[in-house]
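Heads up, the thing below is written out as structure tokens.
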Amino acid sequence: MDSFSSYILTAFALVFVIEGLIYAIFPEAMQRMIRMALEMTPDQLRTFGFFMALAGATFIWFIQYL
């Protein structure tokens, strides 16, 4: 497996680790967040997801180039 594939798979694994820890440490807060998400319209969720992805990409850019 080449280096890039290893980085991508490692990134996915870290997402699972971090998300699992959040659910394990803060289960009540996660339930509240899920309830809030269920009350949002699809357009609101789409906008929120877009801005979170943009924030993540910006953070990665800062890490790589600063």
Scattering profile of the chain from the Debye formula, Cα beads only, expressed as log10 I(q)/I(0) at q = 0.22 Å⁻¹, is -1.12
With only helices counted (DSSP H, runs n ≥ 4, each -39500 (n - 2.57)), the per-residue ellipticity at 222 nm for the chain, to the nearest 500, works out to -31500 deg cm²/dmol
Helix 27-39: inclination vs the chain longest Cα principal axis, degrees, rounded to 10, gives 70
The size of the Cβ-based charge dipole (Lys, Arg +1; Asp, Glu -1) of the chain about the Cα centre, to the nearest 20 debye, is 100
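Read-outs throughout are calculated quantities, based only on the coordinates presented, and are distinct from any laboratory measurement. Bear in mind the structure is a predicted one, so any value in this text is a computation, not a measurement. Here the Cβ is made from the backbone with ideal geometry for all residues, glycine too, and neighbour counts use every protein chain on show.
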